[in-house]
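Structure first, then comments.
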Amino acid sequence: MTKKQRALEIIERLKKEYPDADCTLDYDQAWKLLVSVRLAAQCTDARVNVVVEGLFEKYPTVNALADADVNDIEAIVRPCGLGRSKARDISACMKMLRDEFGENVPDNFDDLMKLPGVGRKSANLIMGDVFGKPAIVTDTHCIRLTNRMGLVDGIKEPKKVEMALWKIVPPEEGSNFCHRLVYHGREVCTARTSPYCDRCCLADICKKVGV
């Protein structure tokens, strides 16, 4: 079985296992997802979803958050960890959205990457979830699982994993595939315990590289 064949089979099985998998960050506007993604670094999505309620209640628009005092932002987002750097990035990002993009989140990858605090993972998430464009989000679950499954060979650098997956994952499947990897990584192919291979829908085709 080639990597591409294995990838296609894994995609189909995970579709059946997690038919409704989607982004676990709550948002109703693109800029809010942008903020939440920055806060999610080294923090659980569940905690981010709680913290942003207070942030967006106090600053309900891009312009309001751009005008906010960075110290006030930091005070609210501190429970997510790295409060100072996250607050600084969020403030600078909202100012750039206001001043250069008419308060709209840009719909192309290069412009997204210009925004403060936005890296490839965040840009891909926005591209896939907000704009429905091809995207591969190489978070910790994606990196761990694709190595274990044998879709990539001992690669830990996010960009290199992303580039390897682009070669074997159909573009239209990438975004949802990565969401399903998150669900599978939390429930079955876990990081902090041994993976529950005995109840994995991929056990017979997984390489189980021991990553």
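Side notes on the structure shown:
- Segment 62-74, subset of a type outside the set (D, E) and part of a helix (DSSP H, G or I), residue surrounded by the fewest Cβ atoms within 10 Å (Cβ to Cβ): N71
- Among the candidates I143, I168, I126, the residue that is over 19 Å from C43 (Cβ atoms) and surrounded by 15 or more Cβ atoms within 10 Å (Cβ to Cβ) is uniquely I168.
- Subset of segment 75-102 that is among the acidic types (D, E) and over 22 Å from the mean Cα position of the chain (by Cα) - its residue that is surrounded by the most Cβ atoms within 10 Å (Cβ to Cβ): E100
- Residue selected from segment 1-28 under the condition closer than 30 Å to P60 by Cβ and aliphatic (A, V, I, L, M), by the criterion nearest to the chain's Cα centre (by Cα): L25
- So L25, is it closer than 26 Å to C189 by Cβ, at pLDDT 95 or above, hydrophobic (A, V, I, L, M, F, W, C) and in a loop (DSSP other than H, G, I, E, B): yes
- Residue tally, condition out of contact with any Asp or Glu (no Cβ under 8 Å at 6 or more places or on another chain), surrounded by 16 or more Cβ atoms within 10 Å (Cβ to Cβ) and basic (K, R), over segment 14-42: 1
- Selection from segment 29-61 of residues that are among the β-branched types (V, I, T) and either assigned to a helix (DSSP H, G or I) or within 14 Å of the chain's Cα centre (by Cα) (or both): V35, V37, T44, V48, V50, V51, V52
The values are calculated or read from the model by the stated rules, or taken from the named source; none is laboratory data. All values reported here derive from a predicted model rather than from experimental measurement. In this analysis, Cβ positions are derived from the backbone assuming ideal geometry, glycine residues included, and neighbour counts consider all displayed protein chains.
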